[in-house]
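Contents: one structure, followed by commentary.
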Amino acid sequence: MKEPLIFDLSSPGRRACSLPAFDAPAKPLAELVPQECLRQHDAELPEVSEMDVVRHVTRLSQLNFSVDTHFYPLGSCTMKYNPKINDQIASLPGFARLHPYQPASTTQGVLAAFELLEQTLCAITGMDEFTLQPAAGAHGELTGLLLIRAYHTARGNPRSKVIVPDSAHGTNPSSAHLAGYHVVTVPSNKQGEVDIEKFRAALDEEVAAVMLTNPSTHGVFETNILEIAAMAHKAGALLYYDGANLNALIGLARPGDMGFDVVHLNVHKTFSTPHGGGGPGAGPVGVKKALEPFLPTPRIAHSAADGTFSWNYDRPKTIGKMRSFYGNTGILIRALTYILAHGVEGLHRVSEVAIINANYIKAKLKDLYDDPFPQACMHEIVFSGKRQKKQGSSARDIAKRLLDFGFHAPTIYFPMTVPEALMIEPTETESRETLDRFIAAMRQIAGEITQNADSLHNAPFTMPVTRVDEVKAARELDVNFVKRNA
Amino acid sequence: MNVPTDLKYTESHEWVKLSKNNEIATIGLTDFAQEELTDIVYLDLPKVGDEIEATTECAVVESVKAASDIYAPLSGKVIEVNQAVLDDPALVNEDAFGKGWLFKIKLADPAELEELLSDSDYEEILSEKERPDDDEDEEK
Amino acid sequence: MDYIPNTDADLSAMLREIGVASFDELVAAIPASLRKFKMELPAAMSEPELQRELGAMAARNKPLDALTSFLGAGAYEHFIPSAIDALVSRGELYTAYTPYQAEASQGTLQLLYEYQSLICRLTGMDISNASLYDGGSAVGESVYLALNAQPKRSRIVISNALHPEYRQILRTYTAGMEVEIVELPTRDGVTDLNTLAAAVNENTAAVLLQSPNFFGCIEPMLRAGELTKPKGAWFVAVVNPLSLGALRPPGEYGADLAVGEGQPLGIPVGYGGPYVGFLTSSKQLVHKVSGRIVGRSVDTEGREAFCLTLQAREQHIRREKATSNICTNQSLMALRACIFLALMGKRGIRKIAELNLRRSHQAADAICRVPGFALKFPRAPFFNEFIVTCPAPAQTVCDRLERNGILAGVPLSRFYAGMERDLLVCVTETKSTADIERLVESLSRAASQKV
C-alpha cells in the first residue's frame, strides 16, 4: 500500500513533542520584538503523533535498497559495508556533543583524532599534508583547484586552463570552471587510457592543472602515469588526483608516489562512511609540501613543548575557508575508526580483494556482455550493453530488471565514452556467493533479451513502483506539496 | 527525416525562416534535434531586446537527461519570443518547424545569410550521421 | 579487523576462474617502482580495542553534557527528539546512496520531497532544493547562482554582520571569478541601510543579509529588500530556520533566495558537522537553483511516485557549463530536519521558537542587572543571541567561568577589531532559569575579581 505524505496524516490538535514550560514571568512577545518582525501566520507544518512519524518513516525506509539490505554494485560509488562500530564511536558524546567554538582545552581528544587521521591519510596516499575541511568529493575538487590557483598566482600567473580526460566525472570540469579555468578535454585511447599524444598536444604553459582519476572511470590503470606526470610538471602544471577510485590502490600504489600534487579522497567511498541516501560524506584534500601554505584555515597545531593541540588561524597565504568550522567531524571520526580497525595489514587486503572480485565478475560475464577494455580491470568493470541494445534492450532496461533480482543496478550511461555503459563495482566486502548470484542474474537477463527484448521495457516488475514518469516530473514540476488535488 | 525546403539550416541543427524582404528571421530547432534530445522539458530563451551574435550560444534547451546549447544562426536583435513554447516545451517535439518556433530576430547583417545551409546541404549532413546512443546519466 | 568475507581459499579459487596464476598478474599494469613503499600505519585493532582506544580519545574532550554552554555563533544546542536518532539509524536509510534508481529509492525520495515541502512552509518560499553541505556553502552557492544567472552583474553586497566564516567562504569560493564584494558597516547592531542604498547599483547581482545577524540582531529585512529590488538585484536572506517559528519568514518580505544553516533542526552540534545547508527560492528561479531536487510524478500505472528532477542543470550533464559543481546533498541530515519539523509540528515549532526568544531575553535582562555588564546594542531586537559588553576583556571573563564549567559565550575579539570586551551569548530552550541564575552569579563574581 502506498505510504501517504506526512501532510496527509495531519489532524488538528495532534502533537509529537514535549517542551518545557517557560517558568518566568512571560511578557507579550511584541514587547520583546517589534510586531513587524514577528510571524503572523503559523507555518503549516503537519500535526501528527510521535507514532505517526515513526511508522511513516519506518515504512518509507522499507521501500529503499541499501547496503544493509542488498548487494549494491554501483560503479564509482564504492558501496562497501559500513561497519557499525564506526557509528558507535562517532556517536560518543565526547565527539558528538562538542560545540565548534569550545576552548581547545576541552577538545584535546578530537584534535588528536584529526591529527591522527591526517597522518594516516598521508601514509596511505603518499602526500605531505591534509586538510579535513571539505564536505564532499566535489567540494574537495573545488578546494584543490583553488589551492592550485593560489599556488600559480603566487608564482605570478594563475594560468588559464585545466586538462580533463573525456572519461572524467562531470564534477571535474565543473569544479575547474568554478575555479575560473577554461576546460580542455583530452580523449581516451582504445585501451581506455589517456591518449598520450593528444595530451602532449594539449599541454602548454597556460595549463594550470591536469586532473586524473586513476584507475580511470574505465576501471583501468593509467600505465603511462609516470610519463604523464613528468610531462605535466615539465610544463609547469600541477597534477590533480580525483580519489573516486582510490579503493583500487590502497596498499598497492600511492598517488603521491605517482607524482600527484593534490588529491581529494571520498571517505564515504574508500573509508566506508555511510552514504546516508546521498550525503553527508567528506572530501579531505592532500597536498605536497609546496602547496601547504595555501591550505584552508584553520590548521591543527601541535605544541612540541607540552604536547597540546590548538587551531592555528594565522596563515597569511591561505585560500581562506571552504566550509564553516572544521569539516564533517562525525564522518571523519568514522573514517578514522575504519582505518584503525584495518591497520596496515587490513588495508593491504582491501584493494586486493576488491580487484579480484571485479575481475571475477568480468571473467564470468565477458562472453555475454561487450568488454571494451580487454586488459585486467582494477576494482570495477565497465561493460557495454551494445549487443543487448541491438537486440532491443538498453542499459537502462538491464539496470531496471536487475532490481527484480534483489540487486541494486550498476552505474549506467557513465562513463560517457562507453556506449550503453554498465559500470559494476562489487567492493571487497561481498562474498563469492553473492557475486555468483549476481552473475547468474546478469546471465539470465542476457538470455531474456535474446529471447524477447521487449519484455524488459517494463521492468522492474516487483518494486513498490514501476518506472517513474520523469518527463511529467520535469514538465509539470511539483517539488513542494501545496495541497491534494480533489 | 522531415527537412522543409523553404527553410535555411545550420550544422548545429537550428532552422531559419526568412521574411520576404530578408529583414526578419524566425528561428527554431530541427526535427532531428528535437528527436535527438527526446522529450524537451525546459527552454531558456533570449529576451526581447537582446542582441545576439551569429554562431554564439544564445539559448539552452533541456530534456530529462540532456541539455544542449542553441547557437544563433544569425546576428540581430530579438523582437519576439514564442511564449507558447515556454509554457509548453512539448510543442518543440510535436511541431518543430511550426508551432515549436523559438524566437524572431531583426537581422543585423544580411551578408551572414551566405553562411546558412540549404535544405539539401542539411540533409546531406543528416545522412552522414548515425543516430547516437541512448540518453545519458551519470551516477557518482 | 577487516570486513572481507572471502577467505584465502575463496580467493585462490576465484583467481583460477579468472585464469591468472596470482593476484600480481592482475595488477601487472602498475609500474614496479610504484609498488615499493611502506605505509606507516598502526597495526590493526579488534573491536574491543577500538572501543577502548577511541573511547579514551573521546573522553579527553569535555562534551556539553559536562558543561553549561551559552555558545552559539552558527552552531546551536537545541533539544533533539529521541525519535530522530532511532529513525535515521535504520540501515535502509543511512546505507543507501543517492536515489538514482527511483524504483529502489522511493523511501529516500518521498522523505526528501517532504523535506523540501516542510522547508518551503517554514520559510514561506516556493522552491527548496534537497539540501547543501552547510550554511556557509549555502551562502557560497547562492552567490554562484546570482552571478551565473546575471552574467552582466558582478557586484555582491554583504554586511559586516554576516557570519565571519560565511564571509570568508564567500571570498574563497569566488577567488577565480570576476566579482566585487562590498561589505557594509553596521549601526546599532544592524546593517546601515543608508550605505546599502548607496552600494546597490545596476551592476549588483545580489544583496545578502543575515537575520538574525552574527550579533544576534534582527535586521530590517523588509526595508533592505525594498532598497535592493529597484536596481534589479537579488535579495538573499540568510536565516536561522528555527527562528522562523516566531519570526517573519523570508517569503513574506520578498526574498529571491533564502538560505541558511539547518543544524538547529535536530542536528547535533557535533564539533561543526555534518550539518545541512538549505537553499530556497522564488518560483521564477527554479531552473537556476543548484543541487538535487526531488519531484512528485506518477509511475507507468499512474500511481504517485517520486524521482530526481531537473537534472539537466547539474554537473553530471552540463559539466563545465553547470552553475555549480555540487554532486551530493546532505540527505541524512535533511532527513533529520524533516523528522524534526514533523515532530515539532505547527504548534511545536512556534513554541520552541518562542521559548528561545523568552529565555534569551530573560538572560539578557538578568545579565544587565549585574554592575558593569550591558547590552551592546540595546535598541536592536534579537532572537536567541545578544552581545554583552563586559567590564573586563571578554576572553578573561570566559576563562574564569570555564573553571566553573560554564562556557559564557563567544568572545568577539577573535572576529572583530575593537570588540575586546564584547561577548556573544546564546540562550536556547535547553537552558533553565537555574542555568541562567548560575551564569549571572558567575559573571558577577568574575567581574569583581581583580584583573
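Listed by first and then second residue, the pairs linking a residue in the range A:163-175 that is facing chain C (nearest Cβ under 10 Å) and more than 13 Å from A:Pro215 (Cα to Cα) to a residue that is of a type in the set (Asp, Glu) and part of a helix (DSSP H, G or I), with Cβ atoms under 7 Å apart and 6 or more places separating them unless they lie on different chains, are A:Thr171/A:Glu141; A:Asn172/A:Glu141; A:Pro173/C:Glu320; A:Ser174/C:Glu320; A:Ser175/A:Glu141. Do we find a residue being modelled with pLDDT of 95 or more, farther than 30 Å from A:Asn172 by Cβ, in a loop (DSSP other than H, G, I, E, B) and not acidic (Asp, Glu) anywhere in the range B:106-121? No, the range B:106-121 contains no residue that is modelled with pLDDT of 95 or more, farther than 30 Å from A:Asn172 by Cβ, in a loop (DSSP other than H, G, I, E, B) and not acidic (Asp, Glu). Residue count for the range C:73-101 satisfying the condition of being more than 17 Å from A:Thr273 (Cα to Cα), touching an Asp or Glu at 6+ places or on another chain (Cβ under 8 Å) and in a helix (DSSP H, G or I): 1. Among the residues of the range B:69-91, just one is closer than 26 Å to A:Arg396 by Cα and either of a type in the set (Lys, Arg) or touching a Leu at 6+ places or on another chain (Cβ under 6 Å) (or both), namely B:Pro89.
Go through the range C:80-94 and give me each residue that's touching a residue at least 60 places away in the same chain (Cβ under 8 Å) and at the interface with chain A (Cβ under 7 Å from one of its Cβ atoms). Correct list: C:Pro81, C:Ala83, C:Leu87, C:Leu93, C:Tyr94. Restricting attention to the range C:86-136, the residues that are surrounded by fewer than 24 Cβ atoms within 10 Å (Cβ to Cβ) and among the charged types (D, E, K, R) add up to 3.
Looking only at residues that are of a type in the set (Val, Ile, Thr) and more than 7 Å from chain A (Cβ to nearest Cβ) in the range C:108-144, which one is farthest from C:Ala342 (Cα to Cα)?
The selected residue is C:Val143.
Selection within the range C:378-425: residues that are outside any loop (DSSP other than H, G, I, E, B) and acidic (Asp, Glu). The member of this set that is surrounded by the most Cβ atoms within 10 Å (Cβ to Cβ) is C:Glu385.
Taking the range A:432-453 as the range and being farther than 14 Å from A:Ile398 by Cβ and of a type in the set (Asp, Glu) as the test, the residues that pass are A:Glu433, A:Asp436. The requirement of being hydrophobic (A, V, I, L, M, F, W, C), touching a residue at least 24 places away in the same chain (Cβ under 8 Å) and surrounded by fewer than 22 Cβ atoms within 10 Å (Cβ to Cβ) is not satisfied by B:Leu43.
Checked against (1) at the interface with chain A (Cβ under 7 Å from one of its Cβ atoms); (2) at pLDDT below 95; (3) under 30 Å from A:Glu193 (Cβ atoms); (4) more than 29 Å from the chain's Cα centre (by Cα), C:Ala29 passes all but a single condition, namely (2). Taking the criterion of being of a type in the set (D, E, K, R) and either closer than 20 Å to A:Leu226 by Cα or in contact with a His (Cβ under 6 Å, 6 or more places away or on another chain) (or both), the residues of the range C:26-43 that qualify are C:Arg35, C:Lys36, C:Lys38. Screening the range A:1-15 for residues that are within 35 Å of the chain's Cα centre (by Cα) and not in a helix (DSSP H, G or I) and picking the one that is surrounded by the most Cβ atoms within 10 Å (Cβ to Cβ) gives A:Glu3. Taking every residue in the range C:434-445 that is in a helix (DSSP H, G or I) and pairing it with any residue that is hydroxyl-bearing (Ser, Thr, Tyr), at least 6 positions away or on another chain, the pairs with Cβ-Cβ distances below 6 Å are C:Asp435/C:Thr68.
From the residues in the range A:176-215 that are in a strand (DSSP E or B) and within 19 Å of A:Gly137 (Cβ to Cβ), which one is nearest to the other protein chains (Cβ to nearest Cβ)? Across the range A:176-215, the extreme among qualifying residues is A:Val183. The set of residues from the range A:150-162 being facing chain C (nearest Cβ under 10 Å), part of a helix (DSSP H, G or I) and either touching a helix residue (DSSP H, G or I) at 6+ places or on another chain (Cβ under 6 Å) or in contact (Cβ under 8 Å) with a residue 60 or more places away in the chain (or both) comprises just one member, A:Ala150.
Filtering the range C:137-161 to residues that are in a loop (DSSP other than H, G, I, E, B) and closer than 16 Å to C:Asn201 by Cα leaves C:Gln150, C:Pro151, C:Lys152, C:Arg153, C:Ser154.
Scan the range C:242-257 for residues that are within 13 Å of another protein chain (Cβ to nearest Cβ) and in contact with a Ser or Thr (Cβ under 7 Å, 6 or more places away or on another chain) and the total you get is 4.
Each row is one residue, and each column tells you yes or no for (1) among the polar types (S, T, N, Q); (2) more than 30 Å from C:Glu178 (Cβ to Cβ).
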position: A:Pro103; (1), (2): no, yes
position: A:Phe114; (1), (2): no, yes
position: A:Ala135; (1), (2): no, no
position: A:Thr143; (1), (2): yes, no
position: A:Ala150; (1), (2): no, no
position: A:Asn157; (1), (2): yes, no
position: A:Gly180; (1), (2): no, no
position: A:Val186; (1), (2): no, no
position: A:Glu205; (1), (2): no, no
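Candidates A:Asn328, A:Asn357: the one that is more than 27 Å from C:Ala9 (Cβ to Cβ) and among the polar types (S, T, N, Q) is A:Asn328. Within the range B:1-24, restricting attention to residues that are in contact (Cβ under 8 Å) with a residue 60 or more places away in the chain and within 19 Å of B:Glu57 (Cβ to Cβ), the residue that is surrounded by the fewest Cβ atoms within 10 Å (Cβ to Cβ) is B:Glu11. For the range C:294-325, filtered to residues that are facing chain A (nearest Cβ under 7 Å), touching a Lys or Arg at 6+ places or on another chain (Cβ under 8 Å) and part of a loop (DSSP other than H, G, I, E, B), the residue that is farthest from A:Thr462 (Cα to Cα) is C:Ala322.
Can you find a residue in the range A:430-447 that is touching a residue at least 24 places away in the same chain (Cβ under 8 Å), farther than 30 Å from A:Val350 by Cβ and not polar (S, T, N, Q)? Looking for residues that are touching a residue at least 24 places away in the same chain (Cβ under 8 Å), farther than 30 Å from A:Val350 by Cβ and not polar (S, T, N, Q), one finds at least one in the range A:430-447, hence yes. Only residues that are more than 10 Å from chain C (Cβ to nearest Cβ), over 20 Å from A:His99 (Cβ atoms) and in a loop (DSSP other than H, G, I, E, B) were counted in the range A:300-337, giving 9.
When we screen A:Val164, A:Val207 for residues that are assigned by TED's automatic domain parsing to the domain that holds A:Phe294 and more than 29 Å from A:Pro316 (Cα to Cα), the only hit is A:Val164.
Can you tell me which residues in the range A:177-202 are among the β-branched types (Val, Ile, Thr), out of contact with any Phe, Trp or Tyr (no Cβ under 8 Å at 6 or more places or on another chain) and under 26 Å from C:Arg318 (Cβ atoms)?
Narrowing the range A:177-202 to residues among the β-branched types (Val, Ile, Thr): A:183-186, A:194, A:196.
Filter once more, so that each one left must be out of contact with any Phe, Trp or Tyr (no Cβ under 8 Å at 6 or more places or on another chain): A:183-185, A:194, A:196.
If the condition is that a residue be among the β-branched types (Val, Ile, Thr), out of contact with any Phe, Trp or Tyr (no Cβ under 8 Å at 6 or more places or on another chain) and under 26 Å from C:Arg318 (Cβ atoms), then A:Val183, A:Val184, A:Thr185, A:Val194 are the ones that fit.
The values are calculated or read from the model by the stated rules, or taken from the named source; none is laboratory data. Computed from a predicted structure; not experimentally measured. Neighbour counts are summed over all protein chains in view; Cβ atoms, including those assigned to glycine, are modelled from backbone coordinates with ideal geometry.
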